[in-house]
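Enquirer: Before we start, here is the structure in question, set down as structure tokens.
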Amino acid sequence: MNKIPALPTLLALLMPLAATAAPDASRGQAIYQARCTACHSPDFNGVGPAHRGVFGRLACTAKGYASYSAALKKSGLTWTEANLDRWLADPETLVPGQAMGISLPDAAERADVIAFLKTLAKAKD
């Protein structure tokens, strides 16, 4: 009977977990600037709504933005980490009929962008 030493096997199984980087807001900001700013900004509405204070906010409530799709208005979503991850992965799967035309299929990039969005605390009025 062949015995595989337990410690090397355990280490080999855990190595991929150690290689996974924690979400990084700085990387997320760079991805946001490259992939999101054609339509969004932290502080100004554009084609899409401003993102300052988005984390934890009810969808379709960005101040001064009125171009939300009917589907998103009906969704009742709150922008939690889980919902943002699902939204960024595939907006149409989460909210069929929504209007956002891009996605971030890479899970690490989504985690980084979400980490960045968390840094955008609500502006003081």
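Enquirer: Of the residues that sit in the stretch 80-104 and are of a type in the set (Val, Ile, Thr) and more than 15 Å from Cys39 (Cα to Cα), which one is surrounded by the most Cβ atoms within 10 Å (Cβ to Cβ)?
Expert: This residue is Val95.
Enquirer: Further question: Please find, within the stretch 103-125, the residue that is nearest to Pro49 (Cα to Cα) out of those that are assigned to a loop (DSSP other than H, G, I, E, B) and modelled with pLDDT of 95 or more.
Expert: Among residues in the stretch 103-125 that are assigned to a loop (DSSP other than H, G, I, E, B) and modelled with pLDDT of 95 or more, the one nearest to Pro49 (Cα to Cα) is Leu120.
Enquirer: When the residues of the stretch 46-59 are filtered to those that are surrounded by 17 or more Cβ atoms within 10 Å (Cβ to Cβ) and touching a Gly at 6+ places or on another chain (Cβ under 9 Å), which remaining residue is nearest to Leu117 (Cα to Cα)?
Expert: Ala50
Enquirer: Are there any pairs with C-beta distances below 8 angstrom linking a residue in the stretch 32-58 that is more than 21 Å from Asn83 (Cα to Cα) and modelled with pLDDT of 95 or more to a residue that is surrounded by 17 or more Cβ atoms within 10 Å (Cβ to Cβ) and basic (Lys, Arg), with the two at least 6 apart or on different chains, and if so which?
Expert: Listed by first residue and then by second, the contacts come to Asp43/Arg52.
Enquirer: Another one. What is the residue count in the stretch 64-96 for residues that are in a loop (DSSP other than H, G, I, E, B) and among the acidic types (Asp, Glu)?
Expert: Result for the stretch 64-96: 1.
Enquirer: Further question: What pairs come out if I take residues in the stretch 92-106 that are on the phi > 0 side of the Ramachandran plot and pair them with residues that are outside any loop (DSSP other than H, G, I, E, B) whose C-beta lies under 8 Å away, six or more apart or interchain?
Expert: Every condition considered, the pairs that remain are Gly97/Ala70; Gly97/Ala71.
Enquirer: In the stretch 33-45, what residues are crowded, with 17+ Cβ neighbours inside 10 Å and closer than 15 Å to Gly101 by Cα?
Expert: Matches in the stretch 33-45: Cys36, His40.
Enquirer: If you check Thr37, Thr61, which single one turns out to be assigned to a loop (DSSP other than H, G, I, E, B) and more than 17 Å from the chain's Cα centre (by Cα)?
Expert: Unique residue meeting the criteria: Thr61.
Enquirer: Give me a count of the residues in the stretch 86-111 that are of a type in the set (Ser, Thr, Tyr) and within 21 Å of Asp24 (Cβ to Cβ).
Expert: 1
The values are calculated or read from the model by the stated rules, or taken from the named source; none is laboratory data. All values derive from a computational prediction rather than experimental measurement. With ideal geometry, Cβ positions are generated from the backbone for all residues, glycine too; neighbour counts draw on all protein chains shown.
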